[in-house]
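Read through the structure below, which is laid out as structure tokens, and then see the notes.
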Amino acid sequence: MALVERSLLGPGPTNAYPEATAGLAAPMLGHLDPEFLAMLDETGRRLRTVWGTGNLRTLPLSGTGSIGMEAAFVNFVHPGDVVVVAVNGLFGERMCDVASRYGAEVVRVDHTWGQPVDVERVLAAHPSPSIVAAVHAETSTGVRSDIEHLGAALRERDERTLLLADCVTSIGGEQIDLDGWNVDIAYAGTQKCLGVPPGLAPFTVSERAWHRRVEKPTTWYLDLGLIGNYVTGGGSGGRAYHHTAPTAMVASLHAALGRLLEEGIAAAAERHREAGEALQTGLQEMGLDLFAAEGNRLHQLTSVVVPDHVDSADVRKRLLNDYGIEIGGGVGQYANTVWRIGLMGPNAGLDRVELLLGSLRRILG
Ligand code: PLP
């Protein structure tokens, strides 16, 4: 079967940066080769910069973004712990499921989809939970929540609660300051604004959260204590084999982070903003309505209301077949009534905006 080129303008994966693709094709290194370990160390340093954290334990986990979510809960939820989850889309819902599987007493704070997290309601849900979890950029709805405000409010209330943030769709597409925002545990994915194929979950944990981790979690593969012995040498400098690191993926992430830092985190965020705003303006000029609440719309992922009498799936099929463009449908009850258009990583540019708007205009007539 012939391979075809696509413009991946959906909710992810996005097209990869050339540097990320070159990283995949670089000569293979063993996972204990000093050259590889130096690259892994540098990947951790680059992730710290991109995330705005000094956390020693900042590393790429083997697996997609969901592995980051699993690791975040399985390593930090002790049976019976109260975990407050802000749910304003699919990924908040998934957090509830994952946390409950590891024995959390989950307190769900439901929001209307399309709205950002309401910090006051989250605070009111429980006086002193072990963890509060929220999604920074909800990919299912295209909404950004104010993690900085949430972190400040939690810290002002008490020192006990850990803040856990999903950064899968925000990393690389906007400025993040995990330490300044009082985030203790965060995970991400590679296939969105970092412009790397799917396969790794950047992960970071603060010192104070680390001391409260589950000593022997019910998972062997995602036990951060064991993985840490390989990635950071467990503090002693020695590296112990845990599992075979996906070396080509690490090389790809390393290269993409290098190009991001060369462009500048602020410049990359500005590029995503400019493209996202141009797309949103263009869609509205075509008479289309945006789904996410105004003022909280992501630039990297725009959710659009499918007009009445338009067959959502048919439009997506024509975009793919006639123009080589992939966009996403909606999720859950919005499966057929919302489109999701991503401008992430290398696709955050005005050329992609024009391509998408022009193609959509021709299809909608
Ligand atoms: N969290 C968010 C916000 C996401 O957008 C996604 C994937 O789209 C995930 C978690 C899960 O990541 P993955 O599909 O890479 O496992």
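The values are calculated or read from the model by the stated rules, or taken from the named source; none is laboratory data. Note that the structure is predicted; figures quoted are calculated from it, not measured. Reconstructed Cβ throughout: ideal geometry from the backbone, glycine too, with neighbour counts over all protein chains shown.
Suppose we filter segment 134-159 for residues that are within 16 Å of the ligand (Cβ to nearest atom) and either in contact with a Phe, Trp or Tyr (Cβ under 7 Å, 6 or more places away or on another chain) or in a strand (DSSP E or B) (or both); how many remain?
11
When you check Val83 against the structure, is it assigned to a strand (DSSP E or B), in contact with a Cys (Cβ under 6 Å, 6 or more places away or on another chain) and of a type outside the set (S, T, N, Q), yes or no?
no
What tally of residues in segment 160-185 results from selecting those that are of a type outside the set (A, V, I, L, M) and more than 12 Å from the ligand (Cβ to nearest atom)?
11
Within the set of pairs 6 or more residues apart or between chains, which connect a residue that is free of Cβ contacts under 8 Å to residues at least 24 places away in the same chain inside segment 182-199 to a residue that is away from the ligand (no atom under 11 Å from the Cβ) and in a loop (DSSP other than H, G, I, E, B) with Cβ atoms less than 6 Å apart?
From segment 182-199, no pairs qualify.
Hey, can you tell me all the residues within segment 186-221 that are within 14 Å of the ligand (Cβ to nearest atom) and among the hydrophobic types (A, V, I, L, M, F, W, C)?
Those that are within 14 Å of the ligand (Cβ to nearest atom) and among the hydrophobic types (A, V, I, L, M, F, W, C): Ala186, Ala188, Cys193, Leu194, Val196, Leu200, Ala201, Phe203.
Can you tell me which of (1) surrounded by fewer than 21 Cβ atoms within 10 Å (Cβ to Cβ); (2) under 23 Å from Gln280 (Cα atoms); (3) without any contact (Cβ under 8 Å) to a residue 40 or more places away in the chain; (4) of a type outside the set (Ser, Thr, Tyr) is the one Glu148 doesn't meet?
(2)
Considering only residues that are touching an Asp or Glu at 6+ places or on another chain (Cβ under 7 Å) and surrounded by fewer than 21 Cβ atoms within 10 Å (Cβ to Cβ), which ones fall in segment 181-209?
Correct list: Arg208 only.
Can you tell me how many residues in segment 67-83 are more than 15 Å from the ligand (Cβ to nearest atom) and buried (at least 24 other Cβ atoms within 10 Å of the Cβ)?
Qualifying residue count, segment 67-83: 4.
Quick one: Ser128 ticks every box in (1) of a type outside the set (Lys, Arg); (2) touching a Lys or Arg at 6+ places or on another chain (Cβ under 7 Å); (3) not in a loop (DSSP other than H, G, I, E, B) bar one, so which box is it?
Answer for Ser128: the failing condition is (3).
Sort through Thr49, Thr64 and tell me the only one that's within 16 Å of the ligand (Cβ to nearest atom), in contact (Cβ under 8 Å) with a residue 40 or more places away in the chain, over 21 Å from Thr161 (Cβ atoms) and not aliphatic (A, V, I, L, M).
Thr64
Given the conditions (1) more than 13 Å from the ligand (Cβ to nearest atom); (2) under 17 Å from the mean Cα position of the chain (by Cα), which single one is not true for Val98?
(1)
Would it be correct to say that Thr53 is assigned by the TED database to the domain that holds Val196 and assigned to a loop (DSSP other than H, G, I, E, B)?
Judged against the criteria, Thr53 is a match.
Is at least one residue of segment 231-246 over 23 Å from Ala165 (Cβ atoms), touching a strand residue (DSSP E or B) at 6+ places or on another chain (Cβ under 7 Å), buried (at least 18 other Cβ atoms within 10 Å of the Cβ) and aliphatic (A, V, I, L, M)?
Yes, some residue in segment 231-246 is over 23 Å from Ala165 (Cβ atoms), touching a strand residue (DSSP E or B) at 6+ places or on another chain (Cβ under 7 Å), buried (at least 18 other Cβ atoms within 10 Å of the Cβ) and aliphatic (A, V, I, L, M).
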